[in-house]
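Readers should treat all values here as calculations from the given coordinates under stated rules, not as data from a laboratory. Everything numeric in this text was worked out from a predicted model, so none of it was measured. Cβ placement follows ideal geometry from the backbone for every residue including glycine, while neighbour counts extend to all protein chains displayed.
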Amino acid sequence: QVQLKETGPDLVQLTQTLSITCTVSGFSLTTYNVHWVRQPPGKGLEWMGAMWNGGGTDYNSAFKSRLSISRDTSKSQVFLKMNSLQTDDTAKYFCARHHNWEYFDYWGQGVMVTVSS
Amino acid sequence: DIQMTQSPASLSASLGETVTIECRASEDIYSNLAWYQQKPGNSPQLLIYDANSLADGVPSRFSGSGSGTQYSLKINSLQSEDVASYFCQQYNNYPFTFGSGTKLEIK
């Protein structure tokens, strides 16, 4: 069955770099796009960016040049890397499968990351 | 960016009641709208897509409607397991944007 699972650190120091891995199963990264969405504690959802099935990427301009998304199709993994972390980057980070270039039909359980000063 | 204005922010209703959550887009999104349910500590789960299509496995007491810039999610015969936050999301344009959420509680 379709599954996505995020793995990453619980705690990142201020101004450091966050790295999270999304490992997928039950589908191919060359068939489906995978997106990253985050949610600060008690708040709403924010779209961060996408890894397209063809290997390209797209980013929310809100993250300017801080964000990088890549993948390793042989390992069925998508990677998020974001630098210059601030306290307002404290959030739960989700990866999600993009159905038919429209909505998100499967989500990972998320990884909660706290940025500490 | 398309702004999604969702209301109300919170809602308290009795078991068996019908509730409606609204979402307004800052421009026409041509029914490219999804609704998600998020229970505490869990990830969002797809309820409705294309404004009014029920996702697989979602109870028929959930329904979506709307067009243009105005959309709504209706829950009939409220059940205890419906306690959750609900979010709308437009996928007409990038960046994808979400409503701020509605927290539904049982009275």
Binning at 10 angstrom from zero up to the longest distance, how are the C-alpha pair distances of the range A:24-63 distributed in percent? 28, 42, 26, 4
Compute the separation of the alpha-carbon centres of the range B:7-72 and the range A:1-64 and state it in Å as a whole number. 24 Å
What Kirkwood radius, in Å to one decimal, follows from the Cα pairs of the range B:1-64? 13.3 Å
What is the mean projected area of the alpha carbon convex hull for the range A:65-117, to one decimal in square nanometres? 4.9 nm²
Computed from every Cα-Cα pair in the protein assembly as shown, P(r) in 10 Å bins starting at 0 and rounded to whole percents is 8, 33, 35, 19, 4, 0
In debye, nearest 20: dipole of chain A around its Cα centre with unit charges on the Cβ of K, R (+) and D, E (-)? 140 debye
Where does the range B:47-107 land on Rg(C-alpha)/(2.2 N^0.38 Å)? 1.17
Give me a comma-separated list of calculated 3J(HN,Hα) values for the range B:76-84, in order, Karplus coefficients 6.51, -1.76, 1.60 applied at θ = phi - 60°, integers in Hz, x for any Gly or Pro. 8, 6, 3, 10, 4, 6, 7, 4, 4
Could you point to the residue in B:LEU54, B:CYS23, B:SER10 farthest towards the positive end of chain B's charge dipole, with +1 and -1 charges on the Cβ of Lys/Arg and Asp/Glu respectively? B:SER10
Which value, in nm² and rounded to one decimal, describes the direction-averaged projected area of the C-alpha convex hull of the range A:1-53? 4.8 nm²
If the viscosity is 1.002 mPa s and the temperature 20 °C, what Stokes-Einstein diffusion coefficient in µm²/s follows for chain A when Rh is the Kirkwood radius over Cα pairs? 152 µm²/s
Restricting to chain B, what percent of DSSP beta bridges are antiparallel, rounded to 5? 90 percent
